[in-house]
1. Has the range 117-140 got any residue that is touching a residue at least 40 places away in the same chain (Cβ under 8 Å), surrounded by fewer than 22 Cβ atoms within 10 Å (Cβ to Cβ) and closer than 27 Å to residue 16 by Cα?
2. For the range 155-173, which residues satisfy the criterion of being more than 17 Å from residue 72 (Cβ to Cβ) and either touching a strand residue (DSSP E or B) at 6+ places or on another chain (Cβ under 9 Å) or surrounded by 15 or more Cβ atoms within 10 Å (Cβ to Cβ) (or both)?
3. Please list, ordered by residue number, the helices (runs of 4 or more DSSP H) wholly in the range 101-173 having 2 or more residues that are more than 20 Å from residue 67 (Cα to Cα).
4. Tally the residues that are more than 21 Å from residue 156 (Cα to Cα) and not in a helix (DSSP H, G or I), restricting the search to the range 50-100.
């Protein structure tokens, strides 16, 4: 391990130790984290909005910290935070807050994977999930992150951690993540501002539509190749006749 890697590894361990001490040593912090996690698990957008309001002028900061927290540690649905931000801050500023805090979480995960290495990342996201990503990355290369970000059902955390142990550069990861998550962030923020009561239904419909669009984009070249092959076979058959 290089000297710089050892330095960042030690810093990472201290950060994890600080978070654990803060969580288990302070009841208020523990209760705050547990409450926010409960709202996210239940997809309770209005409840999470009210929870953020209880922090007053610090609401945006708490929202950003929760977004980063769920990106790094907890496998919780981030779309609830995005909906709640749209409801609380309006679709535009809610989208800005959700996008920037999700980017911060993604960047932290990416560099944590670089520092920790594949063996530790396998323990975080499981070896099976990382193997799936290896195949996905081998197939789509530098476009893999962008495609994965477009599909809401693909784990945000998995992509961030897994990309960190591939050959993809930081800037490729940065732009693919930023552009890939932008459409969903804007839409969720707008829907959060206008239609919170149907959040689960809207999220499911959007996920299915986006998944179908991305699958169509991926399979389109294959269908074109098959179509050309069939046409050539027909033309050859006509020539023989």
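1. Within the range 117-140, one or more residues are touching a residue at least 40 places away in the same chain (Cβ under 8 Å), surrounded by fewer than 22 Cβ atoms within 10 Å (Cβ to Cβ) and closer than 27 Å to residue 16 by Cα.
2. Hits for the range 155-173 are 166, 168, 172.
3. On the way: elements: 118-125, 127-140, 144-150, 156-163.
Of the helices (runs of 4 or more DSSP H) lying wholly inside the range 101-173, those with at least 2 residues that are more than 20 Å from residue 67 (Cα to Cα) span 118-125, 127-140, 144-150.
4. Summing the residues that are more than 21 Å from residue 156 (Cα to Cα) and not in a helix (DSSP H, G or I) in the range 50-100 gives 3.
Residue-wise test of (1) loosely packed, with under 13 Cβ neighbours inside 10 Å; (2) closer than 20 Å to residue 97 by Cβ.
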site	(1), (2)
11	yes, no
19	no, no
26	yes, no
58	yes, yes
62	no, yes
78	no, yes
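Here, each number is a calculation from the coordinates, and none is a lab measurement. In this text the structure is predicted, and so the values were computed from the model without any measurement. Please note: Cβ atoms are built from the backbone with ideal geometry, for glycine as well, and neighbour counts cover all protein chains shown.
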